[in-house]
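Visitor: One structure follows; several queries about it will come next.
The values are calculated or read from the model by the stated rules, or taken from the named source; none is laboratory data. Model, not experiment: these values are computed from the prediction. Note that we place each Cβ from the backbone using ideal geometry, even for glycine, and neighbour counts take in every protein chain shown.
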Amino acid sequence: MGNHTETLRRMGHAVTRGRQEILRILSESPLPLSPRNIREKFPEPKPDAATVYRNLALLSTLGLVRSVALHERSRRYEAAGGRPHRHRVVCRACGRIEAFAPRKCDLSRIEEDIRRLGFTVTGHSLEFFGDCPDCRAKGPAR
């Protein structure tokens, strides 16, 4: 987290308790978290929701956290950089999210197509959607 502290200061932003806690919470979580989940994990005194949202927006802009949109569920956030490469599967019925490290992740052909459009590929996020075992046991697939 010291690296994040330097980044915040170098870019002219205060290193506040709220920003440090958000970075700590996200770095300890194996899954992306919603702003509500992040606020719940704060020690007392907890900040108000607006403060959490404002700090997440700033930390996203600075590249310290990454915003993840998983289907039509609320936006979630995860720590950026310094983590093993992971993908996610999301249950469309209950919203359960599981992260997994792919045995092989070769998206080089897709990345080449993107480079032909003039973009520089710096990373990717890949989510799969379906029904978890518990929801499948309850009834037909959605």
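Visitor: What residue, of 92, 96, 115, 75, is touching a Ser or Thr at 6+ places or on another chain (Cβ under 7 Å) and modelled with pLDDT of 75 or more? Full working, then the answer.
Guide: On the way: 92 fails: touching a Ser or Thr at 6+ places or on another chain (Cβ under 7 Å); 96 fails: touching a Ser or Thr at 6+ places or on another chain (Cβ under 7 Å); 115 fails: touching a Ser or Thr at 6+ places or on another chain (Cβ under 7 Å).
The match here is 75.
Visitor: Let me ask something else. For residues in the range 50-69 being modelled with pLDDT of 90 or more and small (Gly, Ala, Ser), which is surrounded by the most Cβ atoms within 10 Å (Cβ to Cβ)?
Guide: So the residue we want is 60.
Visitor: Follow-up question, since we're still on this one. Could you list, in sequence order, the residues of the range 5-33 that are exposed (fewer than 13 other Cβ atoms within 10 Å of the Cβ) and free of Cβ contacts under 8 Å to residues at least 40 places away in the same chain?
Guide: Step one: of the range 5-33, the residues exposed (fewer than 13 other Cβ atoms within 10 Å of the Cβ) are 6, 9-12, 14, 17, 28, 30.
Once the filter is applied, which keeps residues that are exposed (fewer than 13 other Cβ atoms within 10 Å of the Cβ) and free of Cβ contacts under 8 Å to residues at least 40 places away in the same chain, the range 5-33 yields 6, 9, 10, 12, 14, 17, 28.
Visitor: Does any residue in the range 122-135 that is on the phi < 0 side of the Ramachandran plot come within less than 7 Å, Cβ to Cβ, of a residue that is part of a strand (DSSP E or B) and of a type in the set (Lys, Arg) six or more places away or on a different chain, and which pairs are these?
Guide: Here the result reads 127/88, each pair linking the range 122-135 to a residue that is part of a strand (DSSP E or B) and of a type in the set (Lys, Arg).
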